[in-house]
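One structure is given below, encoded as C-alpha cells.
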Amino acid sequence: MSSGEAKPGLRERARRAVHREIAEVGMALFLERGFEATTVDQIAEAAGISRRSFFRYFATKEDVVLGDLIDRGHRVHSALTARPAEEEPWTAVRAAFLALRDEARDSVGTELRIARMLFQTPSLRARHLEKHLAWQEMLTPELARRLRTLEGLEETDAIHRAAAIIATALACLDVATETWVRRNGTVPLEDLWDEAVAAVRS
C-alpha cells in the first residue's frame, strides 16, 4: 500500500476477510464437485452464512471464481505504471503480467484445476472475457501515455495502438493459458505467452 492510500477501516477489513473465506469455501466445493454441480445454497451452508448473505458479497456464483479479476487488473496497472519510462511497450506489458504471476499463491496443480474449470464452463468463460475487457479499458490509457512519451504519437494514434497491444496481449494470455492446461503445466506459462506474442508480431 502506498503512503497516499488510506488504510481500510476495521469494518472493511472484516468484510474483506469474510469475502475471502466465502471464496475459499466456494472454490473448494467447485474443485471437489464441479462448478455446475455446486449451488449457491451449498456454498452458503458450507460457509455458515445465509443465501441472502452470500449475495451481499457476490453478485453471481461465477464471481466466486472470478470476483478478484478486477483487483488483479488494478495490480497489473500499478505494475505497468511502475515500469521504467523508456521501456519498450511490449516489454513493459510482459513485466506487468509477470508481476501478477509472481504473486500467485496456489500450487501449480490447483491453478491447473481452476484454469481447466474456467475453460470448460461456458458461463465462467463469458464472465472471464467480460472482465478482460475491463482490463483493456484500465491498461490502455497508461500504455497510450507511454507511447506518446516514447514515440511522440498524437493522442488518438497512441490510444489506437495501445488498445491493439493490450487486446493482443490479453488474447495471447488466454491462448497461452489454454495451451498450458493442455500440457498439464509442463511448460511455463510465460514461455507460452512469449511464443504466442512472437507468432502475432512476426
Query raised in the report: What are the residue pairs meeting all of these: first residue in the range 26-44, first residue within 13 Å of LEU118 (Cβ to Cβ), second residue open to solvent by 60 Å² or more (accessible area, probe 1.4 Å), Cβ atoms under 6 Å, and 6 or more apart or on different chains?
Result: LEU31/ARG113
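Which of the helices (runs of 4 or more DSSP H) found entirely inside the range 91-184 contain at least 2 residues meeting this: farther than 26 Å from PHE58 by Cβ, touching a Phe, Trp or Tyr at 6+ places or on another chain (Cβ under 6 Å) and at pLDDT 90 or above?
Qualifying helices (runs of 4 or more DSSP H): 155-182.
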**Report entry** Restricting the range 139-166 to residues that are open to solvent by less than 80 Å² (accessible area, probe 1.4 Å) and out of contact with any helix residue (DSSP H, G or I) (no Cβ under 8 Å at 6 or more places or on another chain), the residue that is nearest to ARG113 (Cα to Cα)
**Finding:** ALA164
Query raised in the report: Quick one: would you say ALA169 is small (Gly, Ala, Ser), touching an Asp or Glu at 6+ places or on another chain (Cβ under 9 Å) and open to solvent by less than 40 Å² (accessible area, probe 1.4 Å)?
Result: no
Report summary line: Residue pairs within 7 Å by beta carbon, gap of at least six or interchain, first lying in the range 110-138 and within 15 Å of VAL175 (Cα to Cα), second charged (D, E, K, R) and open to solvent by less than 70 Å² (accessible area, probe 1.4 Å), listed first then second, are LEU118/ARG125; PHE119/ARG125; PHE119/GLU178
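State yes or no: is ILE49 of a type in the set (A, V, I, L, M, F, W, C), under 17 Å from the mean Cα position of the chain (by Cα) and open to solvent by 40 Å² or more (accessible area, probe 1.4 Å)?
Details: of a type in the set (A, V, I, L, M, F, W, C): yes; under 17 Å from the mean Cα position of the chain (by Cα): no; open to solvent by 40 Å² or more (accessible area, probe 1.4 Å): yes.
So ILE49 does not fit the description; no.
The values are calculated or read from the model by the stated rules, or taken from the named source; none is laboratory data. The model shown is predicted, which means the values in this text are computed figures rather than measured ones. Note that each Cβ is placed from the backbone with ideal geometry, even for glycine, and that neighbours are counted across all protein chains shown. Each accessible area value is taken on the protein alone, full model and side chains, heavy atoms only, with ligands, DNA and RNA left out. Shrake-Rupley method; radii C 1.70, N 1.55, O 1.52, S 1.80 Å.
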